[in-house]
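Here the structure comes first, spelled out in structure tokens, and everything after it is commentary.
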Amino acid sequence: HDDLLNCSRRLLGPFIKTSPEPLEALAEKYFRLPPCPTRGSGLQERIDFLVGLVKKTGAKGIIFNIVKFCEPEWFDLPNIQTQLKGLGIPILVLDTEINQGLSGQIITRVEAFLELLT
């Protein structure tokens, strides 16, 4: 799972048609997505969601891939980091461009993070 607005956040969970009107059903699906700072979700709601995912999946850590200049994500990050670290959940923060591929530096940082988790 991930918490990326620009990737699979839109795809999380099955599509359950709740309305006979396709556009209405799609809108309902959109509003049931994971918490997102760009949609006005509260900080604690997002933290609770992430902690719930860690517990549900057995994840050993969280990688945040935050796109440069996405202010809502960056504003939330210090508080999220503090709470997750307080719960003993290791995190890695990657700062990337919107169309950036995986650079050698990013790969090295992720590999080092994975070693830390094992």
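The values are calculated or read from the model by the stated rules, or taken from the named source; none is laboratory data. Everything numeric in this text was worked out from a predicted model, so none of it was measured. Heads up, the Cβs are rebuilt from the backbone with ideal geometry, glycines too, and the neighbour counts pull from every protein chain shown.
Taking the criterion of being more than 18 Å from residue 52 (Cα to Cα), surrounded by 15 or more Cβ atoms within 10 Å (Cβ to Cβ) and not hydrophobic (A, V, I, L, M, F, W, C), the only residue of the stretch 73-94 that qualifies is 73. Of all residues in the stretch 84-114, those satisfying the criterion of being hydrophobic (A, V, I, L, M, F, W, C) and in contact with a strand residue (DSSP E or B) (Cβ under 8 Å, 6 or more places away or on another chain) are 84, 89, 91, 92, 93, 94, 98, 106, 110, 113.
If you filter the stretch 62-100 down to residues that are of a type in the set (Val, Ile, Thr) and assigned to a helix (DSSP H, G or I), you find that the one that is farthest from residue 36 (Cα to Cα) is 82. Among the residues of the stretch 101-112, those identified as within 19 Å of residue 67 (Cα to Cα) and assigned to a helix (DSSP H, G or I) are 104, 105, 106, 107, 108, 109, 110. State which residue is nearest to residue 62 (Cα to Cα) when the search covers only the stretch 95-112 and only residues that are within 18 Å of the chain's Cα centre (by Cα) and β-branched (Val, Ile, Thr). Looking at residues that are within 18 Å of the chain's Cα centre (by Cα) and β-branched (Val, Ile, Thr), I get 110. Quick one: in the stretch 52-97, which of the residues that are touching a residue at least 24 places away in the same chain (Cβ under 8 Å) and of a type in the set (Lys, Arg) is farthest from residue 113 (Cα to Cα)? Checked the stretch 52-97; the qualifying residue farthest from residue 113 (Cα to Cα) is 68. Of the residues 50, 23, 33, only one is at pLDDT 70 or above and part of a loop (DSSP other than H, G, I, E, B); which? None of the other options fit; the residue is 33. Determine if the stretch 102-118 includes at least one residue that is loosely packed, with under 13 Cβ neighbours inside 10 Å and of a type in the set (Asp, Glu). Yes.
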